[in-house]
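Computed from the coordinates by the stated procedures, all read-outs in this text should not be read as laboratory data. Note that the coordinates shown come from a computational prediction; the quantities given were computed from them, not determined experimentally. FYI the Cβ positions are ideal-geometry reconstructions off the backbone, even for glycines, and counts take in every protein chain you see.
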Amino acid sequence: TDTDTADEAVRATCDDATTCKRFATSKGYWNDPYIQYFARSVGERKAPEINRGYYARVQGVNLLLDAFIRKTQCDCQVINLGAGLDTTFWRLKDENLMPRKFFEVDFPTVAARKIHNIKTKPPLSKPIIETHSTDSLLLDAHSLESDRYCIIGADLRDISSLDEKLKKFHLNPELPTLLLSECVLVYMTSSQSCNLVHWAAETFHTAMFINYEQVNMSDRFGQVMVENLQRRQCTLAGVEACQSLDSQRDRFLKTGWEHVDALDMMTVYSMLPQDDVTRIERLEFLDEKELLQQLLQHYCICWATKDKLNLGNAHFVF
Ligand code: SAM
């Protein structure tokens, strides 16, 4: 059916993210010793502005994520929604920033692929086994559960099933919780993504939701981005919420979140630690600075908080 084709195109986007991250790390933009196990080869060369864009995305999200984990002294849980083949769990383990439990949700077929990679690659499975206290890991085709790491196959558009599965895998609504969605909400209709962020606001009293995705999509450059994805059968069903930073904030403000900030990636890029920015800008020559600016202006990070435990998480800044 059309829906199956559309969902399949959306599932395939996780490989784009992985190959771009693998290429950028091969050039030295940042370090990720685990991404090689999820992307078979370094692949085609990517343009320098793409690499810088991924650098800004990864650094920007990591700064907020790490700040939240530090504030809670790791006494928290993380839920990566639409996690794809993301490697954050292993980074946090290596940096001694592991939350009490790290959950990932993606479509069952994507979850199954990730679990297969983990099972067959010792550098991926070792940290999971090391942080697990008993002999028996729960492992089946579409889910993995250890003490500290959990992969769940579920459709994020079906909230009751998502909620049920997370509870089955011992989600604790009382713990401070960080929810993350990177290039995920844009593939659902606005009402579906509103339901998801509303569910999160209702479920947790102390939480931060970090969303990274497209913004300013109504201008000419934004239209071209939409058309490029459509050519690959990928519909940005949620593009209305990507019209402006205000529409990004509204989705959270109207669903029960207390405090919301949103910055376009051009601004985030200018706020990242500048010594490292100087370092990466020397890695590859960038001819067209304007192209990078345009690209960065069409992505944003939006973060929303609820803070019953008074972590002070409303004041996270770069
Ligand atoms: N967040 C990862 C990253 O940044 O590397 C992956 C990003 S990829 C562009 C989008 C991911 O969202 C895909 O893995 C896709 O399968 C997942 N996704 C999109 N819609 C979803 C849904 N309704 N339910 C579960 N996963 C979904």
Just want the ordering: Ser190, Ser161, from fewest to most Cβ atoms lying within 10 Å of their own Cβ.
Ser161, Ser190
222 nm [θ] for the chain, helices only, -39500 (n - 2.57) per DSSP H run of 4+, per residue, to 500?
-14500 deg cm²/dmol
Based on alpha-carbon centroids, what's the gap between segment 206-246 and segment 64-83 in Å, whole number please?
25
For segment 73-177, take the alpha-carbon Rg, divide it by the Kirkwood Rh, and send me Rg/Rh.
0.93
Give me the percent of Cα-Cα pairs in segment 260-318 that sit more than 16 Å apart, rounded to a whole number.
58
For the chain, whose charge dipole is built from +1 on Lys and Arg Cβ atoms and -1 on Asp and Glu Cβ atoms, the candidate among Ala241, Ile129, Ala154 with its Cα farthest towards the positive end is Ile129
Based only on Cα atoms, what Rg/Rh ratio does segment 1-124 have, Rh being taken as Kirkwood's radius?
0.97
Residues Phe285, Phe221 arranged by fewest to most Cβ contacts within 10 Å:
Phe285, Phe221
Whole Å is fine, so just give me how far the alpha carbon centre of segment 107-153 lies from that of segment 302-318.
31
Per its Cα gyration tensor (rounded if a/c is under 1.5, else prolate when a/b beats b/c, else oblate), the chain is best filed as rounded
Averaging sequence separations of C-alpha pairs under 8 Å and six or more residues apart, then dividing by the length of segment 1-72, give the relative contact order as a whole percent.
30
Kindly write out, for segment 57-68 in residue order, the coupling ³J(HN,Hα) from the Karplus curve 6.51 cos²θ - 1.76 cosθ + 1.60 (θ = phi - 60°), rounded to whole Hz, with x marking Gly and Pro.
5, 5, 5, x, 5, 4, 4, 5, 4, 5, 4, 5
Where Lys and Arg each count +1 and Asp and Glu each count -1, what net charge lies around Glu240 among other residues with Cβ under 13 Å from its Cβ?
-2
Taking Arg11, Arg57, Arg282, Arg22 and counting other C-beta atoms within 10 Å, the order from fewest to most:
Arg282, Arg11, Arg22, Arg57
Which whole-number percentage describes the relative contact order of the chain, with Cα contacts under 8 Å and a sequence gap of 6 or more?
19
What does DSSP give for the chain in terms of the percent of beta bridges that are antiparallel, rounded to the nearest 5?
50
Gyration tensor (alpha-carbon) shape descriptor, segment 174-318, a/c threshold 1.5
oblate
For segment 165-318: relative contact order, % (alpha-carbon pairs under 8 angstrom, 6 or more apart):
30
